[in-house]
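These notes are about the structure you will find just below.
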């Protein structure tokens, strides 16, 4: 097997070598033209180009919205919760507040969760759905990522919560729907999501 051997002036060396098994085709990797900064890692563009990137909590795709959302039809889907009054976090601009749409920037495993302040009349059962679609609006996984049915028996609004994890490809979308009446409240209506890992 071929390798590149770099010898230190002290006599020891570092070598780069080919994989143990024969590659499916010839491979060329192009190194970055400048040094990275401390803590950065090399990232591939899947075409042989390498660049330095920073991987940290500050760059992890994530959103956290709260407040009193609006419910209406968006992207052809009914009862989408959108236009939350407060966007606390939107790292990577993954959340479109006006359309109630999360778009995965990279392929990976994601965590989502929500709390809804249900103001539906007493005794009525309503359901909330987390739905995932591809960029052509084809439903993924054949059903909701998670569905939570809620009955509001108390005299007044009550909260309910749910969370799930979901494998998504880049450009996949996630929406939260609720077919009941959302009562206005900043701390009680919450929707969030973030990348767990690749």
Where residues in region 78-105 are more than 21 Å from residue 185 (Cα to Cα) and in contact (Cβ under 8 Å) with a residue 12 or more places away in the chain, which of them is surrounded by the fewest Cβ atoms within 10 Å (Cβ to Cβ)?
78
If you check 83, 78, 71, which single one turns out to be on the phi > 0 side of the Ramachandran plot and assigned by TED's automatic domain parsing to the domain that holds residue 179?
83
Please return the ranges of strands (runs of 3 or more DSSP E) entirely within region 1-49 where 1 or more residues are under 26 Å from residue 170 (Cα atoms).
41-44
The one condition residue 194 fails out of (1) on the phi < 0 side of the Ramachandran plot; (2) in a loop (DSSP other than H, G, I, E, B); (3) touching a residue at least 24 places away in the same chain (Cβ under 8 Å) is (2)
Return yes or no: is residue 46 closer than 16 Å to residue 195 by Cα and within 26 Å of the chain's Cα centre (by Cα)?
no
Whether any residue in region 132-142 is under 24 Å from residue 185 (Cβ atoms) and exposed (fewer than 13 other Cβ atoms within 10 Å of the Cβ) is what I want to check.
no
Do we have residue 143 as out of contact with any strand residue (DSSP E or B) (no Cβ under 6 Å at 6 or more places or on another chain), modelled with pLDDT of 85 or more, assigned by TED's automatic domain parsing to the domain that holds residue 178 and within 24 Å of residue 163 (Cβ to Cβ) here?
yes
Note on region 61-84: residues closer than 17 Å to residue 140 by Cα and either part of a loop (DSSP other than H, G, I, E, B) or under 14 Å from the mean Cα position of the chain (by Cα) (or both) are 75, 76
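The values are calculated or read from the model by the stated rules, or taken from the named source; none is laboratory data. Just so you know, these numbers come straight off a predicted model, no measurement behind them. Cβ coordinates were reconstructed from backbone atoms using ideal geometry, including for glycine residues, and neighbour counts include every protein chain displayed.
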